[in-house]
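Trainee: Right, I'll just put the structure down here and ask away after.
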Amino acid sequence: QKEVEQNSGPLSVPEGAIASLNCTYSDRGSQSFFWYRQYSGKSPELIMSIYSNGDKEDGRFTAQLNKASQYVSLLIRDSQPSDSATYLCAVLKTSYDKVIFGPGTSLSVIP
Amino acid sequence: SAVISQKPSRDICQRGTSLTIQCQVDSQVTMMFWYRQQPGQSLTLIATANQGSEATYESGFVIDKFPISRPNLTFSTLTVSNMSPEDSSIYLCSAGSPTGVTDTQYFGPGTRLTVL
């Protein structure tokens, strides 16, 4: 089992719709969870971090964490063409050991 | 947040040569990391650069191939040695400082390496 898994893409949604990105992780002791956005040819950009069970909202983005299910998700409301990118789920293992990245999900928002 | 710069931003190198990539952070950070991103792939951690001690390498990466320096809390270098075309990738430096629960990691712009 891979340490961090994401739903396979590419994911296509129409403009204005909700995009849902999912991620599961294997280390039950993981403390911190991140979503990065990466445009083609660019480095990853941190867009959300979440540390406690429940929802965390920031503008059009909502991260959801369920540690019991070892599951974290990212919802993008009112999706825009500028949201088209690869979204990387990352998990900080215990004791700030290291951050492990999932394979990424490519999102395409169709005008 | 930390602002991270990398040099060079890109390079084209010949097989068998070595390239050293520099990473500079605008503030002191405890942890610095080096990642590789091969075309169409996600990020793979190469090593953790420890200040004052040898780097900690992940499985599949060795010091002879990827020597790392960390002379202080704001700077690190990664050398890609005896390069082959398989080393063509983007190399990313990242940094973070443990703050308890809310640890976060930031990335430099990356170095795009092409080996001929």
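Trainee: Two decimals is fine: what's Rg over Rh for chain B, C-alpha atoms, Kirkwood radius as Rh?
Mentor: Details: Rg = 13.6 Å, Rh = 14.2 Å.
Result: Rg/Rh = 0.96.
Trainee: So what's the gap between the Cα centers of region A:1-60 and region A:71-111, to the nearest angstrom?
Mentor: Measuring centre to centre over Cα atoms gives 3 Å.
Trainee: With charges only on Cβ, +1 for K and R and -1 for D and E, what is the dipole size of the protein assembly as shown about its Cα centre, in debye, rounded to 20? Mind dumping the intermediate values first?
Mentor: On the way: 17 positive and 19 negative charges, 48 e Å.
Its charge dipole is roughly 220 debye.
Trainee: Between B:LEU73, B:GLN24, B:GLY52, whose Cα lies farthest towards the positive end of the dipole of region B:1-98 when Lys and Arg beta carbons carry +1 and Asp and Glu beta carbons carry -1, centred on the Cα centre?
Mentor: B:GLN24
Trainee: In nm, to one decimal, how far is the A:GLU57 label point from the B:GLN51 one, both placed 7 Å along Cα→Cβ?
Mentor: 4.0 nm
Trainee: Follow-up question, since we're still on this one. Please build a GNM for chain B, connecting alpha carbons under 10 Å apart, and tell me which residue among B:LEU78, B:LEU19, B:LEU43 fluctuates the most.
Mentor: It is B:LEU43.
Trainee: Dipole of region A:1-60 (Lys/Arg Cβ +1, Asp/Glu Cβ -1, origin at the Cα centre): which of A:ASN22, A:SER43, A:GLY9 lies farthest to the positive side?
Mentor: The listed residue farthest towards the positive side: A:SER43.
Trainee: GNM, chain B, Cα, under 10 Å: largest mean-square fluctuation among B:THR77, B:THR17, B:THR30?
Mentor: So, out of B:THR77, B:THR17, B:THR30, the one fluctuating most is B:THR17.
Trainee: Run the simple label-point estimate for A:SER106 and B:THR79 please: 7 Å along Cα→C-beta, distance reported in nm.
Mentor: 3.7 nm
Trainee: Out of residues 5 or more away from A:LYS98 or on other chains, whose amide H comes under 5 Å of its own, with H placed 1.01 Å from N in the peptide plane?
Mentor: A:LYS93
Trainee: Grab the alpha carbons of region A:12-111, take their convex hull, and tell me the volume per residue in Å³.
Mentor: On the way: hull volume 9.2 nm³, N = 100.
Dividing the Cα hull volume of region A:12-111 by its residue count gives 92 Å³.
Trainee: Another one. Given springs between every Cα pair under 10 Å in a Gaussian network model of chain B, which of B:PRO85, B:PRO67, B:PRO39 has the largest fluctuation?
Mentor: Result for chain B, Cα springs under 10 Å: B:PRO39 fluctuates most.
FYI, it's all coordinate maths here, none of it is from the lab. Just so it is clear, the model here is predicted, and its values are computed rather than measured. For neighbour counting, all protein chains shown are included, and Cβ atoms are generated from backbone atoms with ideal geometry for every residue, glycine included.
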